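The values are calculated or read from the model by the stated rules, or taken from the named source; none is laboratory data. Just so it is clear, the structure is predicted and the values come from calculations on it, not from any experiment. So basically every Cβ, Gly included, is an ideal-geometry build from the backbone, and we count neighbours across all protein chains shown. Just the protein is used for accessible areas: all its heavy atoms, side chains included, with ligands, DNA and RNA removed. Shrake-Rupley method; radii C 1.70, N 1.55, O 1.52, S 1.80 Å.
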Amino acid sequence: MKALIIDDEFNVRYVIRELGQWKKYDITDLLEASNGEEAKRIIDKEQPEIIFTDVKMPGMTGLDLIEWLDSLSYPGKVIFITGYDDYSFMRRAIKCNSFDYLLKPIEADSFNHTLEEAVKSWTNDEEDRQLKETGVYEEIKRLRTNQIVTEACSGELFDPAEIAACLPATDEYEAALISFYHMHHSDPYIQRLADELAYQGWGNAFALQNDHSLCLVITVNGVWLSVEEWISTQFDIPVRLVNGESLKSFEELPHSFGELQQALEDQNFRAIHRLNDLDQACRMRNIVDYVDAYYMEDLTLEKLSGKFFLSREHISRKFKQETGLTLSKYVAKLRIDRAQYWLRETDESILSISFMLGYQDEKYFSKLFKKVVGLTPFEYRSNQKKQLTGSF
């Protein structure tokens, strides 16, 4: 890292050079200039990260220099050192984004404290610049915004100002919910929508982190029909839309989201690119695969209907045709199969196994187990142990 000292007096440059703890703060090259014009040539060639400059110098002053640097959007940190405690100087310096302002005679502690803070500030800015150049910065920013909106929708504490910062300013917004088909990767579509909303000045779209099939859209009042038209022409996958009432304050967001979610569960949505055009056999295999993976969760026809864009009645009928069992009996079979494995291969208690399978009542679990297997869990485990030891 490089630092440049600019002052028309040699003894001042000497004092600054001696005061600074340069190695401690990773300054490897220490440069000097006796006036503004010389400083410009050094800055053009060496690109120093830290610049200490006097205010009043013959020819180009320190203020002239920082105005030149500001016109270039120069990333280095500029600290003024002067014997003049003049507010007009300070005001111009602040306007041109100077980092700090030190008065002569210079004290070692205050000087090195300012040097340390300037180095930290430049380092942080440089990290941000690199993130922005690689696109990582925008990705992190987008992820953070999605997390904030997810927390708000979940009823957790959130800062409304953080949500407002990523939306166009207006007195009133509208909130809407988009539901994506479970097997589709929704992120690229949500990002395209967010980019379009930002470009048009309409609002923003947020991917909910706790349910990747849902997207919350917040728009300025009165543009939703245009947004829906864009979705219908630009999305090539089926989605369900629910738009709600006006949103006058972001404090209302948890309540508004709850109403949108309830409307979706109650089937009060509009469909775009209906799923009926897709292969039904493929969809039913997707549903069976989903049940096979999540059978220990609370699975209902309503939940599957919401995820797979099929009516409860259709899923019920086709699921039995596909598996030979109703959904409830199929789930029960999977759970009992898993229970048998745990009873054979582990020392988990019967109560613990019933809880892990989603049954809060051990007696109900034992009754169901006996109905399917013909033995109680205790009898089954005992028989398995006897078979292993060869004792009958």
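Evaluate region 118-125: report whether one residue or more is closer than 30 Å to Ile140 by Cα, of a type in the set (Lys, Arg) and crowded, with 16+ Cβ neighbours inside 10 Å.
No - not one qualifying residue is present in region 118-125.
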- What do you reckon, is Gly324 more than 41 Å from the chain's Cα centre (by Cα), open to solvent by less than 60 Å² (accessible area, probe 1.4 Å) and closer than 30 Å to Arg283 by Cα? yes
- Note on the structure: Quick count over region 289-300, residues being open to solvent by 50 Å² or more (accessible area, probe 1.4 Å), in contact (Cβ under 8 Å) with a residue 12 or more places away in the chain and either aromatic (Phe, Trp, Tyr) or within 13 Å of Asp266 (Cα to Cα) (or both), is 0
- Condition test on Glu133, is it of a type outside the set (S, T, N, Q) and at pLDDT 90 or above? no
- Query: Given (1) out of contact with any Ser or Thr (no Cβ under 7 Å at 6 or more places or on another chain); (2) within 30 Å of Pro238 (Cβ to Cβ); (3) of a type outside the set (A, V, I, L, M, F, W, C), where does Lys320 come up short, assuming only one miss?
  - Reply: (1)
- Item | Condition check for Gln262: at pLDDT 85 or above, of a type outside the set (Lys, Arg), out of contact with any Asp or Glu (no Cβ under 8 Å at 6 or more places or on another chain) and closer than 30 Å to Val217 by Cα | yes
- Message: I need the full set of residues from region 17-58 which are of a type in the set (Phe, Trp, Tyr) and out of contact with any strand residue (DSSP E or B) (no Cβ under 7 Å at 6 or more places or on another chain), in order please.
- Response: Tyr25
- Hey, Trp68 hits all of (1) in a helix (DSSP H, G or I); (2) open to solvent by 40 Å² or more (accessible area, probe 1.4 Å); (3) closer than 20 Å to Thr114 by Cα but one; which does it fall short on? (3)
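Each row is one residue, and each column tells you yes or no for (1) under 30 Å from Ser186 (Cα atoms); (2) of a type in the set (Phe, Trp, Tyr); (3) modelled with pLDDT of 90 or more.
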{"site": "Asp298", "(1), (2), (3)": "yes, no, no"}
{"site": "Glu302", "(1), (2), (3)": "yes, no, no"}
{"site": "His314", "(1), (2), (3)": "yes, no, no"}
{"site": "Leu327", "(1), (2), (3)": "yes, no, yes"}
{"site": "Val331", "(1), (2), (3)": "yes, no, yes"}
{"site": "Leu334", "(1), (2), (3)": "yes, no, yes"}
{"site": "Ser349", "(1), (2), (3)": "no, no, yes"}
{"site": "Val372", "(1), (2), (3)": "no, no, no"}
- Task: Hey, can you tell me all the residues within region 159-182 that are hydrophobic (A, V, I, L, M, F, W, C) and modelled with pLDDT under 90?
- Result: Phe180
- Note on the structure: When Gln360 is run through (1) crowded, with 19+ Cβ neighbours inside 10 Å; (2) not in a helix (DSSP H, G or I), the failure sits at (1)
- Could you give every pair whose Cβ atoms fall below 6 Å, whose first residue belongs to region 320-333 and is in a loop (DSSP other than H, G, I, E, B), and whose second residue is surrounded by 13 or more Cβ atoms within 10 Å (Cβ to Cβ) and not aliphatic (A, V, I, L, M), counting only separations of at least 6 or pairs across chains? Thr326/Lys320
- Query: Taking region 368-392 only, how many residues are exposed (fewer than 12 other Cβ atoms within 10 Å of the Cβ) and under 48 Å from the mean Cα position of the chain (by Cα)?
  - Reply: 1
- Got a sec? Which of Thr28, Thr53, Thr61 is open to solvent by less than 50 Å² (accessible area, probe 1.4 Å), hydroxyl-bearing (Ser, Thr, Tyr) and closer than 19 Å to Asn112 by Cβ? Thr53
